[in-house]
Amino acid sequence: MISQHNTGENGVLQFFVVTVPRLLLGSLIFVGIGINFANVVGRYVFSAPIVWAEEILAYIMIWCVGIGAILVTWEGRHIKMDLIAVHIPPPWNRIVNGLVALGFLLVCVFVIRQSWTVVSMMVETGQQSMIARLPMGLMHAAILVGFSGMLVALLLRLGGYLRGEFGSDAEATAKEILATYGAIDGDNGKTRED
């Protein structure tokens, strides 16, 4: 994982783009586990399932994806087809990286505008979910929040995207495995740290 410790204004923005999403993700996952456990107990022990549980769990999952996308953008870990791009020599690699970042930025802006329209319509019409009666504007806002956060993360880490600091997915995964498990000694199956 790539991390930067900034101070001042960027530090505050980083707090809202990294720390807050991590806390929200963890909280949502624990809430989902609690609802799921309560539903299992209700269904199989008391023969009284929680009727709104599956709908709420689906919405929690949608929010987790939207919030998680912010963190993925911050770390530069979106799935990318970079087999050729990582072998492009300078200065062409910066041009390709710039075009990719520009495309990413334009997609974020487009989705934010469209999502704002949909969320506004949902709020104005007062639509609610079928079983739990939650406002649908809140559910559709996951896309708006996710892409807005991705746009902020992209702008804060734009230099890293342009310089290609995040490398390829294969390199990042290999570094993460080495950092977590250490180098594996092929002779006896133990890590070199053992």
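The values are calculated or read from the model by the stated rules, or taken from the named source; none is laboratory data. Quantities reported herein were computed from a predicted structural model and do not represent experimental measurements. Here the Cβ is made from the backbone with ideal geometry for all residues, glycine too, and neighbour counts use every protein chain on show. These accessible areas exclude ligands, DNA and RNA; they are computed on the full protein's heavy atoms, side chains included. Shrake-Rupley method; radii C 1.70, N 1.55, O 1.52, S 1.80 Å.
Laid out as a table, the results:
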| quantity | calculated |
| --- | --- |
| Accessible area of the chain divided out per residue, in Å², using a probe of 1.4 angstrom | 66 |
| Electrostatic dipole magnitude of the chain [Cβ: Lys, Arg +1; Asp, Glu -1; Cα centre; debye, to 20] | 380 |
| Protein accessible area in the chain, 1.4 Å probe - carbon and sulfur % | 68 |
| Value of [θ]222 nm, deg cm²/dmol, for the chain, DSSP H segments ≥ 4, -39500 (n - 2.57) each, nearest 500 | -22500 deg cm²/dmol |
| FRET efficiency for Arg133 and Asn36, using Cβ-Cβ distance with R0 set to 25 Å, rounded to 0.05 | 0.80 |
